[in-house]
Structures are given as structure tokens and as C-alpha cells.
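The values are calculated or read from the model by the stated rules, or taken from the named source; none is laboratory data. Computed from a predicted model, the values in this text were never measured in an experiment. Heads up, the Cβs are rebuilt from the backbone with ideal geometry, glycines too, and the neighbour counts pull from every protein chain shown.
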């Protein structure tokens with residue numbers, strides 16, 4: 001079964017926000033992506049709204065409900081009260097918890113599932129009680145899986161940055177082995193596996209070939225950059241093919 005593709009539209013929103021104009025349209029490009037076969041849409045609404053704004057979250061939720069009921073909406077972010085309240089109001093299919101500081105440019109590490117166990121258990125129970133599936137951002141290390149499982153999460157999302165931006169082939173191969181091992185450990189523990197960060201048309205096929213159990217990848221930056229060349233619809237088709245579809 002091919003790995004599902006969730007299109008992260010943060011970069012589209014960031015481009016729009018440069019001029020504070022209604023284009024490019026976040027919902028318009030999300031629609032094109034979904035019509036081209038994307039399995040879902042991902043957003044990461046940050047407190048400063050430097051890309052996704054609060055209204056985008058509601059606009060996208062309405063789009064999926066009305067026109068793409070089979071597609072999934074994934075909201076990711078740090079679980080402060082504002083974020084949790086937003087998720088409870090929107091009720092996306094999946095909430096991905098990331099340990100970001102609000103000032104970070106992008107996610108760059110997974111949770112410390114030992115130090116943050118109490119926080120994660122409390123937040124995950126709260127979200128699951130409202131019917132949302134939960135995934136937590138995790139570094140590629142099979143030793144972290146038991147503690148991740150103990151939080152009550154449904155899934156982990158593997159942080160693929162070290163693999164994605166590895167320039168040296170030997171380093172990339174080493175990082176791939178970690179991702180494969182962590183996927184195997186999570187699957188054995190009964191956790192589904194997502195993946196994301198710095199995934200491209202070049203490095204995605206080896207990852208899903210080596211770890212076919214990965215259920216979903218969330219891709220934004222590279223996919224948006226490629227859409228400037230190929231257009232959003234064709235780019236989604238290329239990434240679906242890279243996912244094994």
C-alpha cells in the first residue's frame with residue numbers, strides 16, 4: 001500500500017503574507033492538491049501567524065468537510081492552551097504534537113519522551129477524548145519507542161531532517177538505517193508511523209522503499225518549491241509517485 005501524502009501549505013501562506021493580499025490562495029492551492037490526489041492537508045499554525053493564520057485553519061477545515069470528505073486534515077504545533085483550544089474547536093482528523101519553541105523557524109528535533117512524559121500523557125488523553133488521532137514528533141531512535149508508546153499516542157512522526165539534508169551519501173545511508181529501525185520498532189509496538197521534514201522527490205523514494213510501513217508523509221517546503229516549476233497539480237502527482245502510488 002503506498003504511503004499517503006499530506007501537503008503542508010505553510011509555505012503557500014507565508015508567500016501570501018509577504019504582501020498581505022489574498023493570493024496565492026491557501027484554500028485554492030489546497031483544493032488543487034486534493035484534486036490531484038493528495039490524501040490530506042497539513043498546517044502548523046504558529047502564535048505569530050507568520051504563515052498559517054487562524055482563519056486559514058477554519059477555511060481549510062470547511063473545504064475538506066464540504067468537498068473532500070475522504071481527505072484528512074492534520075494540524076501540528078506545540079500543545080499550549082491556545083493550540084489545544086483551536087484543535088478542540090476544529091476537530092481535525094489528526095493532531096501532531098511538536099516540541100517547538102515559538103521563535104523557531106521550523107521543527108528541528110523530536111520530543112524528549114522521558115522528560116516530557118507527563119505533559120504528553122495529559123495532552124494526548126485530552127485530544128483523544130475529543131475523538132482526534134494523535135501523533136508525536138520523534139527523533140529516529142528505536143530506543144525512544146517504548147517511552148513514546150507509554151504516552152498513549154496513536155502514531156509517531158519521524159523527524160527526517162538529518163536524513164533529508166544529509167549531503168554525504170554515507171551519512172544519508174546511516175540516517176536511513178535509523179529511520180528504518182525506528183519504524184520497525186514502532187510498528188512492533190503497535191504504533192503507526194508518519195514522517196516529515198526535508199523530504200524531496202530525490203530522497204523520498206528510498207525512504208518509503210526501505211520503510212514501507214510509513215503510513216503518511218507530510219511535505220511542504222520542497223513540494224511548494226517544486227510547484228513553482230511544475231505547478232501544484234503535477235507536483236502532487238510526482239510526489240504521489242515518489243510515495244509508491
Restricting to the stretch 200-211, and then to whatever is surrounded by fewer than 18 Cβ atoms within 10 Å (Cβ to Cβ), touching a helix residue (DSSP H, G or I) at 6+ places or on another chain (Cβ under 9 Å) and in contact (Cβ under 8 Å) with a residue 24 or more places away in the chain, can you tell me which residue is farthest from residue 29 (Cα to Cα)? 210
What helices (runs of 4 or more DSSP H), lying completely within the stretch 188-245, carry at least 1 residues that are out of contact with any strand residue (DSSP E or B) (no Cβ under 7 Å at 6 or more places or on another chain) and within 20 Å of residue 77 (Cα to Cα)? 221-230
Just a yes or no: is a residue in the stretch 219-231 modelled with pLDDT of 95 or more, surrounded by fewer than 22 Cβ atoms within 10 Å (Cβ to Cβ) and within 17 Å of residue 2 (Cβ to Cβ)? no
With surrounded by 14 or more Cβ atoms within 10 Å (Cβ to Cβ) and either in a strand (DSSP E or B) or modelled with pLDDT under 95 (or both) as the only criterion, which of 123, 113, 95 stands out? 95
Inspect the stretch 150-167 for any residue being more than 18 Å from the chain's Cα centre (by Cα), at pLDDT 95 or above and not in a loop (DSSP other than H, G, I, E, B) and give the result as yes or no. yes
